[in-house]
Amino acid sequence: MKLPDGFEAYYKAWEEKIGAFLKWVPEKTGPTDVVVSATTDAAPPATEAAFLVKDLPFAVKDNIAVKDWTLSCGSKILEKLVAPYTATAVERITAFGAWVVGKTNMDEFGMGSSTDASALQRTNNPWDISRVAGGSSGGSAAAVAAGIVPFALGSDTGGSVRQPAAFCGIVGLKPTWGAVSRYGLVAYASSLEQIGVLSDTVARNRAVFALMRGADVRDQCSRDAPGSSPPLYGNDGNKAKPGTIGVLKPESLAEAILRGGNQTGISHGGLSEAVYRGFERAKQNLVTLGYKLVDVDLPCLKYAVPAYYTIATAEASANLARFDGIRYGQRPPVPENPDELVEKSRDLGFGGEVKLRILLGTFVLRSGFQDRYYLRAQRIRAGIKRSFENLLGTDSAESAPGHVDAILLPVFPTQAFGRGDTGLSPFAQKAADIYTCSANLAGLPALAFPASLEDGLPVGVQLLGRSFSEGMLFDIAERYEKVHPFPHPAGWKPFYSASTESQQ
Ligand code: GLN
């Protein structure tokens, strides 16, 4: 299998500008020993799903394993690590004829919102190369937005699929926790993260998710969607029947005001002028499509970021303990003794952001401090989950009376930001995770899609739903896309047809 004629020049021209890939192998050389792992998923993936991925190249974030390929996680410490096996999610997609064409850049171990925390290279936004692509799955998002690949895999621990998707004007899904096997994903914060899909269209996103989801014996936390959940395909009755969407109240948004860092252009309850405009436009467009919008209040949202960073760093400090220069990755040339070997490997191998988070994580887990930080964060997490359940209900089938079908939220308070003075400080970037990290804390699915172009840059919004309601979120976004097709950056060429009628 090869890429279309003229494609290599197209790739080169884009890649020089955006730096999305850490590895590029433009021929179908990927894993040869693909075995589809046992799945109890009752329904075979729809033909339409297979059609939208078949024979297509896709990219994989460099923290997801592809056998015999590097698995750097954007870190010096793993720069030369070669994966001994392939992630289940990748296997399930390649089993349908798609093939991995490259590994994409990312914030080191998924820690960041710009991909600038990669220790290996810089990735730029295809809409404006002076801006970041977002993160941590910035390489995957930039590659899809530039039209190099029709879809890519990323991981979302606190927004890392949805935020770069919003920055680059594409579709990004963070599945229900447990819907997709994490086997082969290098762990950052296990209780929060999922492998997600970044794609050019909603139909493609749905297709990739349909192929890779489902229980996997190699991830004991993975499971099939309950029979009562909205189907991914064949839900035409529902498509014809728009429901009710809860919209976060402006007063709640006001509570989300970014604190610290560079606040230039921040207004409207924490949203930049352009993001506010895009969000309002999305609301109007959904009303025009027939959805009933109701204001909802989520006061607990203001605790989401501190709870997220407490839990994520605690889990990261444990998960990253394995990188010691003995079992994995780089080791310094002349270690004097084992202690020094570990200390030097970690000191030289990890970047500043990773070290900061490991220190924070060990601090919140320190004996005597757990009550004050970690356990309190877990209680807040339970409260956030309950607030969402109160709004959405827990039954995965139809919404109960008084419940909404989905909740509409902004993705990030700003559009893709620049670097230096036009950027966001590391603290402001963390505070800005407010809209994304609550879906991870609650384990709920969330789908980001482009709402509009404002000032020449995309603005994304996201729909959050009940557990295993991805089918319903896709239906809403697809209706939106039909009337408001997603735009592409200058220089984009359609190498991959997104419709089932014609396929290049
Ligand atoms: N910005 C978040 C963080 O830095 C998102 C990370 C992610 O989803 N991997 O933790």
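Here is how the numbers come out for the structure above:
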{"item": "Proximal lysines relative to K385, as straight alpha-carbon distance under 20 Å, when same-chain residues fewer than 8 apart are discounted", "result": "K174, K249, K302"}
{"item": "Whole-Hz couplings from phi, Karplus 6.51/-1.76/1.60, listed for segment 464-469; x for Gly and Pro", "result": "10, x, 5, 3, 6, 9"}
{"item": "Extreme residue, positive dipole direction of the chain, given options Y233, N105, P413 (C-beta unit charges)", "result": "P413"}
{"item": "Accessible area per residue in Å² at 1.4 Å probe, computed on segment 270-422", "result": "50"}
{"item": "Accessible surface of I245 - all protein chains present, 1.4 Å probe, nearest 10 Å²", "result": "0"}
{"item": "CD proxy at 222 nm, helix term only [per DSSP H run n ≥ 4: -39500 (n - 2.57); per residue of the chain; nearest 500]", "result": "-9500 deg cm²/dmol"}
{"item": "Reachable aspartates and glutamates, given that their alpha-carbon falls under 12 Å from the alpha-carbon of K17 and they are not under 8 places away in the same chain", "result": "D128"}
{"item": "Axial C-alpha extent at least 18 Å, average Kyte-Doolittle at least -0.5 - helices from the chain (DSSP)", "result": "304-319, 352-365, 374-392, 470-483"}
{"item": "Lys, Arg +1 and Asp, Glu -1 on Cβ, resulting dipole of the chain about Cα centre, debye, nearest 20", "result": "460"}
{"item": "Heavy atoms of D295 accessible to a 1.4 Å probe, total area in Å² rounded to 10", "result": "100"}
{"item": "With every protein chain in place, segment 401-504: carbon and sulfur % of accessible area (1.4 Å)", "result": "58"}
{"item": "Nonlocal amide H pairs with V247, under 5 Å, H built at 1.01 Å", "result": "V294, D295, V296, L408"}
{"item": "Whether segment 48-196 is rounded, prolate or oblate, judged on the alpha carbon gyration tensor where a/c under 1.5 counts as rounded", "result": "rounded"}
{"item": "Dipole of the chain, positive end: most advanced residue of L248, P445, A165 [Cβ charges, Cα centre]", "result": "L248"}
{"item": "For S114, residues with placed amide H under 5 Å, excluding near neighbours", "result": "G135"}
{"item": "Rounded accessible area of C73 (nearest 10 Å², 1.4 Å probe)", "result": "0"}
{"item": "Listed residue pairs exceeding 31 Å between alpha carbons, taken from K12/K80; K28/K482; K28/K76; K67/K430", "result": "K28/K482; K67/K430"}
{"item": "Accessible-area composition of segment 98-163, carbon plus sulfur, in percent [1.4 Å probe]", "result": "39"}
{"item": "Gyration tensor (Cα) of segment 392-496, equivalent ellipsoid semi-axes in angstrom", "result": "28, 21, 10"}
{"item": "Percent accessible area from carbon and sulfur atoms, segment 282-330, protein chains only, probe 1.4 Å", "result": "53"}
{"item": "Cα gyration tensor, the chain - rounded (a/c under 1.5), prolate or oblate", "result": "rounded"}
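The values are calculated or read from the model by the stated rules, or taken from the named source; none is laboratory data. Since we're looking at a predicted model, the values are computed, not measured. Note that each Cβ is placed from the backbone with ideal geometry, even for glycine, and that neighbours are counted across all protein chains shown. The area values use the complete protein model at the heavy-atom level, side chains included, leaving out ligands, DNA and RNA. Shrake-Rupley method; radii C 1.70, N 1.55, O 1.52, S 1.80 Å.
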